[in-house]
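Please treat every number below as a calculation from the coordinates, not as lab data. Computed from a prediction, not measured in an experiment: that's the story for all the values here. Note that each Cβ is placed from the backbone with ideal geometry, even for glycine, and that neighbours are counted across all protein chains shown.
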Amino acid sequence: MTAYEPEGATGRPGDADQRGTSGADAGYDAVVLAGGAARRLGGEDKPGVRVGGRTLLDRVLAACADATRTVVVARPRPTARPVEWAREDPSGGGPLAALDAGLRHTGAPYVLVLSADLPFLEEKTVRRLLDTLRAGTPHEIPGTSRPARDGHATRIEGPGACLDDPGSRADGPGTRLDGVLLTDPDGRDQPLVAVYRADALRRELGVLAAAHGSLSGLPLRRLVAALDLTRITDPVASFDCDTWDDIAAARARIREHGHVLDEWISAVKDELGIDLDVDTGVLLDLARDAAHGVARPAAPLTTFLVGYAAARAGGGPEAVAEASRKAAALALRWADEGTPDARPDNGSPAAPPTPATEPDAG
């Protein structure tokens, strides 16, 4: 793996590589906070701790792989995906200073803010956060909660639950949702597993910096309290690793039967630099057919050849599926030939062998 820095990346908002920055399908940037002293891990480099063969940082980067730009606030180190690097000034200034440093490299209207210790965060959770924020203006989202300014959450229930005036919120006419964050199973906010409007972040960070002279050392709750947020719950995605017991629990979970195969495939793809979503069920069926119909060693060799053929055909899920289909059909034909009632290719019963004729005795 390599410490990546995209060519020509200046880190300034409005660079030419920004995609889709308006409308309901506007893109998003990601800011990952990967600094901190990790005192509860004995000073270990927490983002570099491996869970399931991948560093915690790489697992988080995989969840936001479709971000327009990904900024990691930390010292540079090898990563499986391209990122930009930023540092707060002064170093060790805390999460608000780090967020401000990362935000200066972004230009999209939405910013996904993550810590680097989330082993089970997945792209589907990121998409849910983004979709909730987009749909949250101007309507309230059923099944979420938002706090009043006194900090007490108000639950929004039912498919028709929205404000009487679709263009206003409880805080005043014309205001809009500033962000969506996860809560853990105990209902605690996780502001480093959240998506925010970039303009709201810049506005409130500016207010805090002006009021205190600096963002260094300020707690993250100062920012959260100033924003109009909606909460959603995801007990698995919000799990973070603060202690070695947390690391052990994460490592144990991914080895459970229901998770181990997907975890292994994800780790292999990261290690090999492959960004390809394929139907693993098709490949497993092919391996089974080759092992049972031909010989056990045929399974790994056949799947290797399928991958090679798919690459020669241009790659992509369709190429893998087509190569798998052909190989699976061959394996079944091969197996059929070994059955006692095997038929020739035309489908008619095999003719009995013609007995040898004796020369005429006469």
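Of note:
- A simple spin-label model places pseudo-atoms 7 Å from Cα toward Cβ; at D184 and A209 they are separated by 3.0 nm.
- At full extension, D199 and R222 could sit 6.6 nm farther apart than now, given 0.36 nm per residue minus the alpha carbon distance.
- Taking Cα centre as origin and charging only the Cβ of basic (Lys, Arg, +1) and acidic (Asp, Glu, -1) residues, the dipole magnitude of the stretch 206-305 rounds to 240 debye.
- Simple Cβ-charge dipole of the stretch 257-328, Lys/Arg +1 and Asp/Glu -1, about Cα centre, in debye nearest 20: 440 debye
- Per-pair calculated FRET efficiency, R0 = 45 Å: R104 and L261 via Cβ, rounded to 0.05: 0.65
- Approximate spin-label separation W334-R50, in nm, with each point projected 7 Å along Cα-to-Cβ: 3.4 nm
- Amide N proximity, the stretch 311-338 versus I274 label position 7 Å along Cα-to-Cβ, cut-off under 20 Å: 311-329
- Only Lys, Arg (+1) and Asp, Glu (-1) charged, at Cβ; the stretch 46-111 dipole about Cα centre in debye: 320 debye
- Between D245 and R75, the FRET efficiency estimated from the beta carbon spacing at R0 = 30 angstrom works out to 0.70.
- Within the straight-line cut-off of under 19 Å between alpha carbons, the lysines reachable from K124 are K269, sequence neighbours fewer than 8 places apart in one chain being disregarded.
- If you plug the beta carbon distance of L305 and A252 into 1/(1 + (r/R0)^6) with R0 = 22 Å, you get a FRET efficiency near 0.05.
- Difference of contour (0.36 nm per residue) and Cα-Cα distance, A65 to D89: 5.9 nm
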